[in-house]
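Here's the structure we're looking at; comments come further down.
The values are calculated or read from the model by the stated rules, or taken from the named source; none is laboratory data. Since the structure is predicted, the reported quantities are computational estimates derived from the model, not experimental observations. Note that we place each Cβ from the backbone using ideal geometry, even for glycine, and neighbour counts take in every protein chain shown. Heads up: the accessible areas ignore ligands, DNA and RNA and are worked out on the full protein's heavy atoms, side chains in. Shrake-Rupley method; radii C 1.70, N 1.55, O 1.52, S 1.80 Å.
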Amino acid sequence: SCGIRWVGKLVDGYQALIGGVPLVVILMVLYYVVFGAFNISGTIVSIMAFTLAFGATSGSTMWTAVDSVDVIQEETGLALGYTREEVFKKIIFPQARQQFTPQLMGQFVSLVKDTAIVGYISVQDLTRATDLIRSRTMDAFFPLISTAIIYFLFCRVLTWVLGKIAARFD
């Protein structure tokens with residue numbers, strides 16, 4: 001148990017660091033500082049940054065949900081003769097999943113919206129293309145409204161799809 005405590009502290013530190021720094025800053029630090037000397041595309045760095053951020057927030061969300069299941073549930077499962085792994089798989093995780101699934105869905109949709117910042121590291125995306133159109137046409141209204149509508153529709157469809165997937169689990 002003592003040998004594993006350092007892993008928990010490392011995970012807590014990682015989640016605190018990633019959760020306490022804006023995603024755009026993480027993206028820029030990875031691109032310009034960590035991988036600045038290497039020839040790595042902005043798209044790969046963006047994937048890494050979003051994976052790190054989503055991993056930290058989703059891990060914290062899942063841990064909180066698992067930790068919120070009453071300890072009596074575990075004790076009852078052990079008293080019935082289940083192993084710790086069986087108690088987790090059959091009793092704790094199904095209850096925790098009902099709590100964290102909606103939150104993870106919301107975090108995933110937020111992650112999709114956060115992709116609008118990848119233009120900071122010269123990755124061509126919808127927002128950057130909108131900015132280029134705006135600078136060439138000197139018209140901000142239609143490009144920005146179009147981008148907003150595209151993001152809105154995409155996130156609505158994504159929310160609907162994730163809701164269908166979550167319903168299948170239930």
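For the pair Thr159 and Asn39, the difference between a 0.36 nm per residue extended length and the Cα-Cα distance amounts to 39.6 nm.
Taking Cα atoms only, the orientation of helix 126-137 departs from the longest principal axis of the chain by about 20 degrees. Per the Debye formula with a single identical scatterer at each Cα and no solvent contribution, what log10 I(q)/I(0) holds for the chain at q = 0.10, 0.18 Å⁻¹? Rounded to two decimals, the profile gives -0.56, -1.21. Round to the nearest 10 and give me the degree value, 0 to 90, for the angle of helix 2-20's Cα axis relative to the longest principal axis of the chain. Helix 2-20 sits at roughly 30 degrees to that axis.
Counting only protein heavy atoms and a 1.4 Å probe, the chain has 68 square angstrom of accessible area per residue.
With only Lys, Arg, Asp and Glu charged, each at its Cβ (+1 for the first two, -1 for the last two), find how big the charge dipole of the chain is about the Cα centre; round to the nearest 20 debye. Walk me through the numbers on the way to the answer.
Values: 13 positive and 12 negative charges, 78 e Å.
That gives a dipole near 380 debye.
Note on region 69-170: dipole from Cβ charges, positive end direction compared against Thr83, Leu132, Phe100; the farthest Cα belongs to Leu132. On the chain, 67 percent of the accessible area sits on carbon and sulfur atoms, based on a 1.4 Å probe.
Ellipticity at 222 nm from helices only: DSSP H runs of n ≥ 4 in the chain, each -39500 (n - 2.57), divided by the residue count, give -25000 deg cm²/dmol. Here the Debye sum runs over all C-alpha atoms of region 10-62 as equal scatterers in vacuum, and log10 of I(q)/I(0) at q = 0.29, 0.31 Å⁻¹ comes out as -1.10, -1.18.
What's the magnitude of the charge dipole for region 90-170 around its Cα centre, counting Lys and Arg as +1 and Asp and Glu as -1 at the beta-carbon? Answer in Debye, nearest 20. Could you put the intermediate results ahead of the total?
Working: 9 positive and 5 negative charges, 61 e Å.
So the dipole magnitude of region 90-170 works out to roughly 300 debye.
When +1 charges are put on Lys and Arg Cβ atoms and -1 charges on Asp and Glu Cβ atoms, the dipole computed for region 51-145 relative to its Cα centre reaches about 380 debye. Scattering from region 84-156 was approximated by placing one identical point on each alpha carbon and applying the Debye formula without solvent; log10 I(q)/I(0) at 0.14, 0.15, 0.25 1/Å stands at -0.59, -0.63, -1.09. Ranking Leu27, Leu144, Ala16 by Cα position along the charge dipole of the chain, where only Lys, Arg, Asp and Glu carry charges on their C-beta atoms, puts Leu144 farthest toward the positive end. Among 146-153, 119-126, sorting by the average number of other beta carbon atoms lying within 10 angstrom of each residue, highest first, gives 119-126, 146-153. Quick one: among Arg84, Arg156, Arg97, which has the greatest mean-square fluctuation in a GNM of the chain with alpha-carbon springs under 10 angstrom? So, out of Arg84, Arg156, Arg97, the one fluctuating most is Arg84.
Based on the alpha-carbon gyration tensor of region 57-125, what equivalent-ellipsoid semi-axes (square roots of 5 times the eigenvalues) come out, in whole Å, largest first?
On the way: eigenvalues 284, 19, 13 Å².
Over the Cα atoms of region 57-125, the ellipsoid semi-axes are 38, 10, 8 Å.
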